[in-house]
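See below for the structure under consideration.
Rule-based calculations on the coordinates, nothing more; no lab input. From a predicted model like this one, the values you see are computed outputs, not experimental measurements. FYI the Cβ positions are ideal-geometry reconstructions off the backbone, even for glycines, and counts take in every protein chain you see.
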Amino acid sequence: MKKTLVSPEVQLRVEQLQTDYTNCIDDERYAEWPTLFAENCLYKIISRDNHRKKMPFGFLYCDNRRMLRDRIASMANANVFEPHCYRHILSRSEVSHADGVLVAKTGYIVFRIMHDGSHALFSTGTYLDQIIEVEGEFVFKERVVVTDSSSIDALLVIPL
């Protein structure tokens, strides 16, 4: 797959999408989160080891926007978990254009903050994205969250 660099404007728009994504999660505006994805999309959370081995096993798999909405609905109405929130820190995105889509790679760190104020490093890894433009807006066609660790120390309720 041949990659070509993108213009500064496209780079900025991709990084704005990354910011919008993390702000939806960090500001607990979970209902807005699925709107950042195309109707036919992929959202997967997988360990680095399984990703490298091309194994399909992961922590979470959703292959369309309806599944993302269901994930948020179950989080709000069905899952039982200790209240907490996240704070993301992102690296700058490496963005290229390949085969008609934008391809982005962005490092992340996520801290988990519990309801009592305690906090801890929760996850580190890389976002591997395919981004398309729909009605003038950039959205994720595919987001593969590759975690550095092969384990999550608690129920993974909130999207990474």
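Quick notes on this one:
- One chain, two ends: HIS84 and ARG69. Fully extended at 0.36 nm per residue, the span grows by 3.4 nm beyond their Cα-Cα distance.
- The slack in the chain from ALA76 to SER91, taken as 0.36 nm per residue of separation less the alpha-carbon distance, amounts to 2.4 nm.
- The gain in end-to-end length when the GLU15 to ALA120 segment is fully stretched comes to 35.2 nm, 0.36 nm per residue minus the alpha carbon separation.
- Within region 53-78, backbone nitrogen closer than 19 Å to the virtual label 7 Å beyond the Cα of VAL134 toward Cβ: 61-73
- Relative contact order, whole percent, for the chain stands at 27, derived from Cα pairs under 8 Å and 6 or more residues apart.
- Taking trypsin sites (Lys or Arg not before Pro) as exposed when their DSSP state is a loop state and no more than 16 other Cβ atoms lie within 10 Å, the longest site-free interval of the chain runs over 93-160.
- Inter-site label distance for SER7 and LYS54 at 7 Å from Cα along Cβ, in nm: 3.6
- Prolate/oblate/rounded call for region 1-60, Cα gyration tensor, a/c under 1.5 rounded: oblate
- Seen against the Cα atoms of the chain and their longest principal axis, helix 65-77 is set at about 20 degrees.
- Semi-axis lengths, Å, region 4-147, gyration tensor of Cα atoms, sqrt of 5 times eigenvalues: 25, 17, 17
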